[in-house]
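The values are calculated or read from the model by the stated rules, or taken from the named source; none is laboratory data. Keep in mind that this is a model prediction, so the values were computed, not measured. Only protein heavy atoms, including side chains, enter the accessible area calculation; ligands, DNA and RNA are left aside. Shrake-Rupley method; radii C 1.70, N 1.55, O 1.52, S 1.80 Å.
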Amino acid sequence: MRPFKYTPPRAGTGDLRTPIKFYQYAPNSGPEPGEKEIQLLYTAWAKVDNVWMKDLELAKSNGTLSDLTITIRNPQADYIPSNKHYMDIEAPEYVGKRYNIKQVQPDLQNTGFITIVGELNGS
């Protein structure tokens, strides 16, 4: 019989230390290009991961060096992330940077969290 070995989850509630906001944007009215924020959809605490060192060369070749992986508690029906939404990370390192939601990955083994891949807007 194989001995029991506990493997802790990749993210826990103590790892969620960075405030994050999700917004909905709409195109500017008029001839000027760009978008404006129209609604704050959801706020949460998140665990923010940059590109891992093992994936650095692959990220450079794909042009995804500025992508982030964010883990938040599963908001259930309160908020459903979509690739039409944007994220704003409330940390000094990310001031003035807006991230598009690229992909949402629910964790089927640990249903308490979801993982969101964000791409720097304009990249």
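P(r) of the range 64-107 in 10 Å steps, Cα pairs, percent per bin?
Percent of pairs per bin, in order: 21, 57, 21, 1.
Using the heavy atoms of the protein chains alone and a 1.4 angstrom probe, what is the accessible area of the range 76-123 per residue in square angstrom?
The answer is 62 Å² per residue.
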